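**Student:** My questions will all concern the structure given below.
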Amino acid sequence: MEVRQIGKDDEQGLLVKNEPFTIFGELLVKRSNEKWDYEVKKYGQDEISQQTFPDEDYNFEEVTKDGFAIGAFESDQTVGLAIFKEQWHQYIYLEDLKVNGQYRRRGVAQALLAAAEEVAKSKNYKGFWTIGQNNNLAACLFYVKYGFEIGGLETKVYDYTTQSGKYDIHFYYDFDE
């Protein structure tokens, strides 16, 4: 597998389809004594479901206008993609992170973030930040295991939508100096 920044020559690597993921629980976040903490709530068998995010139509010029993309390639196939957006503060925003279903749990996401860290450092960023939906437990636990810290909670964003009752967790990852 090759992991690299996506350039104009391989912009087709941006066209990765979103695949279903299992909704099997939630990350329950709380704050006390100026510290974020969480617990894991696993669903019963009858509550487990699948979700697929709508596909994006990433355009190389748009992505690179104010950010960059890192791809993981196996032969001619893109098996992982990470999209980053420039920010005004010291954390670059991880807008999208996805791995082909056949390649999940094989270190692809970690490799994408490691390669992105080098690019972000060259742009003088001090870390990543991203958002995970509380019921995308696999993603939330991935971020925590990778070393991201919870830095905030958005509880109203899904009001008046079909996703009502869900919330967004803000995750931050500081680069080593």
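The values are calculated or read from the model by the stated rules, or taken from the named source; none is laboratory data. Quick caveat: nothing in here was measured; it's all calculated off a predicted structure. Reconstructed Cβ throughout: ideal geometry from the backbone, glycine too, with neighbour counts over all protein chains shown.
**Student:** Filter the stretch 144-177 down to residues that are under 17 Å from residue 83 (Cβ atoms) and over 16 Å from the mean Cα position of the chain (by Cα), then give me how many there are.
**Tutor:** 0
**Student:** Starting from residues that are among the aromatic types (Phe, Trp, Tyr) and either loosely packed, with under 12 Cβ neighbours inside 10 Å or in contact (Cβ under 8 Å) with a residue 60 or more places away in the chain (or both), keep the ones in the stretch 74-102 and report whichever is nearest to residue 172 (Cα to Cα).
**Tutor:** Filtering the stretch 74-102 for residues that are among the aromatic types (Phe, Trp, Tyr) and either loosely packed, with under 12 Cβ neighbours inside 10 Å or in contact (Cβ under 8 Å) with a residue 60 or more places away in the chain (or both), the one nearest to residue 172 (Cα to Cα) comes out as 91.
**Student:** Of the residues 13, 71, which is touching a residue at least 40 places away in the same chain (Cβ under 8 Å), part of a helix (DSSP H, G or I) and of a type in the set (Gly, Ala, Ser)?
**Tutor:** Exactly one of 13, 71 is touching a residue at least 40 places away in the same chain (Cβ under 8 Å), part of a helix (DSSP H, G or I) and of a type in the set (Gly, Ala, Ser), namely 13.
**Student:** Can you name the residue in the stretch 148-158 that is part of a strand (DSSP E or B) and among the aliphatic types (A, V, I, L, M) and, of all such residues, is surrounded by the most Cβ atoms within 10 Å (Cβ to Cβ)?
**Tutor:** Ranking the candidates gives 150 first.
**Student:** Run down 44, 25, 7 and say which single residue is farther than 20 Å from residue 144 by Cβ and surrounded by 13 or more Cβ atoms within 10 Å (Cβ to Cβ).
**Tutor:** 7 is the lone residue from the list that is farther than 20 Å from residue 144 by Cβ and surrounded by 13 or more Cβ atoms within 10 Å (Cβ to Cβ).
**Student:** Can I ask one more? Could you tell me whether any residue of the stretch 93-100 is of a type outside the set (A, V, I, L, M, F, W, C), under 14 Å from residue 4 (Cα atoms) and in a strand (DSSP E or B)?
**Tutor:** Scanning the stretch 93-100 turns up no residue that is of a type outside the set (A, V, I, L, M, F, W, C), under 14 Å from residue 4 (Cα atoms) and in a strand (DSSP E or B).
**Student:** Look through 142, 128 and report the one residue that is touching an Asp or Glu at 6+ places or on another chain (Cβ under 9 Å), under 27 Å from residue 66 (Cα atoms) and surrounded by 14 or more Cβ atoms within 10 Å (Cβ to Cβ).
**Tutor:** Criteria check complete, one pass: 128.
**Student:** Next question. Based on what the data block shows, is residue 88 out of contact with any strand residue (DSSP E or B) (no Cβ under 6 Å at 6 or more places or on another chain) and of a type in the set (Phe, Trp, Tyr)?
**Tutor:** yes
**Student:** Which pairs turn up if I take residues in the stretch 159-170 that are outside any strand (DSSP E or B) and look for partners that are β-branched (Val, Ile, Thr) and modelled with pLDDT under 95 with beta carbon separation below 8 Å, at least 6 apart in sequence or on another chain?
**Tutor:** If the second residue must be β-branched (Val, Ile, Thr) and modelled with pLDDT under 95, the pairs left are 167/155; 167/157.
**Student:** Anything in the stretch 102-143 that is more than 15 Å from the chain's Cα centre (by Cα) and either among the polar types (S, T, N, Q) or not in a loop (DSSP other than H, G, I, E, B) (or both)? List them, or say none.
**Tutor:** 102, 103, 118, 119, 120, 121, 122, 124
**Student:** Here is a further query. With the requirement that a residue be closer than 18 Å to residue 26 by Cα and either touching a His at 6+ places or on another chain (Cβ under 6 Å) or among the polar types (S, T, N, Q) (or both), what does the stretch 156-177 give you?
**Tutor:** If the condition is that a residue be closer than 18 Å to residue 26 by Cα and either touching a His at 6+ places or on another chain (Cβ under 6 Å) or among the polar types (S, T, N, Q) (or both), then 162, 163, 164 are the ones that fit.
Conditions tested, residue by residue: (1) under 20 Å from the mean Cα position of the chain (by Cα); (2) modelled with pLDDT under 95.
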| position | (1), (2) |
| --- | --- |
| 13 | yes, yes |
| 23 | yes, no |
| 26 | yes, no |
| 43 | no, no |
| 54 | yes, yes |
| 57 | yes, yes |
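**Student:** Quick one: in the stretch 117-156, which of the residues that are at pLDDT 95 or above and among the hydroxyl-bearing types (Ser, Thr, Tyr) is farthest from residue 42 (Cα to Cα)?
**Tutor:** 122
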